[in-house]
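Read through the structure below, which is laid out as structure tokens, and then see the notes.
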Amino acid sequence: MIRLIIVDDHAVLRDGLKTILESEQDIQVIGEAESGDLALNLVATLKPDVVLTDINMPGMTGIEVTKAIKQIDSNVKVLILTMHSHEEYLMAAIKEGADGYLLKDAPSNHVIEAIRTVHAGESVIHPSLTKKLMNYHQQQLREEKTENMLTERERDVLICLVEGLTNKEIGERLFVSEKTVKIHVSNIFKKLNVKSRSQVVIHAMQNGLVPFPEQR
């Protein structure tokens with residue numbers, strides 16, 4: 001028997017889910033919560049197998065709840081059921097230990113099977129989000145590759161460019177000639193596929209290639 005807790009701040013949705021899930025012989029809804037804080041209390045006292053939770057709720061978000069649940073008991077499976085399809089929510093949930101991520105437009109039979117799947121120790125991602133997840137990972141790999149393409153000296157020059165230093169000022173800081181700086185800047189432009197200093201700065205900051213000035 002899969003012992004499950006439903007976490008959502010909409011009572012109608014909780015009631016609907018409970019009715020659907022309790023019609024299954026292998027699923028028992030042992031608790032309901034309308035907020036993250038209440039959910040954590042139930043997890044600590046009822047020891048569920050699976051927690052089915054939304055993301056947007058009063059107080060703690062479902063992602064924060066996921067992290068806290070895993071700290072209480074890493075064996076508890078967490079299945080996110082939400083309206084948010086953006087990959088940032090998906091990746092944040094996965095990062096905090098979510099075992100599955102479904103959208104609320106999923107058919108009820110998909111939700112039921114997803115509960116069984118995460119309970120069995122496997123992961124579930126809503127079909128429409130699979131491509132987004134792959135694209136996210138590919139983008140991360142491209143960014144990592146781009147960063148690794150830069151030599152150590154080119155990364156030093158890149159930091160100077162982000163600070164707004166001129167070629168002369170970069171040369172003085174790095175103890176190289178202005179001509180050498182120009183070569184490094186040209187190489188950076190080619191590797192990052194940009195055409196101006198402003199584009200270099202935007203690309204570097206958006207992709208985390210250099211720390212913010214106040215962090216250094």
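The values are calculated or read from the model by the stated rules, or taken from the named source; none is laboratory data. Since the structure is predicted, the reported quantities are computational estimates derived from the model, not experimental observations. Backbone-built Cβ (ideal geometry, glycine too); neighbour counts: all protein chains shown. To get the accessible areas, we keep the full protein, side chains included, count just its heavy atoms, and leave off ligands, DNA and RNA. Shrake-Rupley method; radii C 1.70, N 1.55, O 1.52, S 1.80 Å.
Roughly to the nearest percent, how much of the accessible area of the chain is carbon and sulfur, given a 1.4 Å probe?
That share works out to 51 percent.
Using the basic label-point model (7 angstrom from Cα toward the beta carbon), what is the R173 to K191 distance in nanometres?
With each label point 7 Å from Cα toward Cβ, the separation is 1.7 nm.
Give the peptides 49-57, 178-186 in descending order of average Cβ contacts within 10 Å, highest first.
Packing proxy ranking, top to bottom: 49-57, 178-186.
Can you tell me what the convex hull of the Cα atoms of the chain projects to on average, as an area in nm²?
That works out to 14.5 nm², a quarter of the Cα hull's surface.
If you take the beta carbon distance between R116 and E88 as r and set R0 to 30 Å, what does 1/(1 + (r/R0)^6) give as a FRET efficiency, to the nearest 0.05?
Approximately 0.60, to the nearest 0.05.
Let me check I've understood the local charge: for D54, count other residues with C-beta under 13 angstrom from its C-beta, Lys and Arg +1, Asp and Glu -1. What total comes out?
Result for the neighbourhood of D54: -3.
Just the number please: accessible area per residue for the chain, 1.4 Å probe, all protein chains included, in Å².
About 55 Å² of surface per residue is accessible.
What value does region 1-123 have for Rg/Rh, both radii from Cα atoms and Rh as Kirkwood defines it?
That ratio is 0.91, to two decimals.
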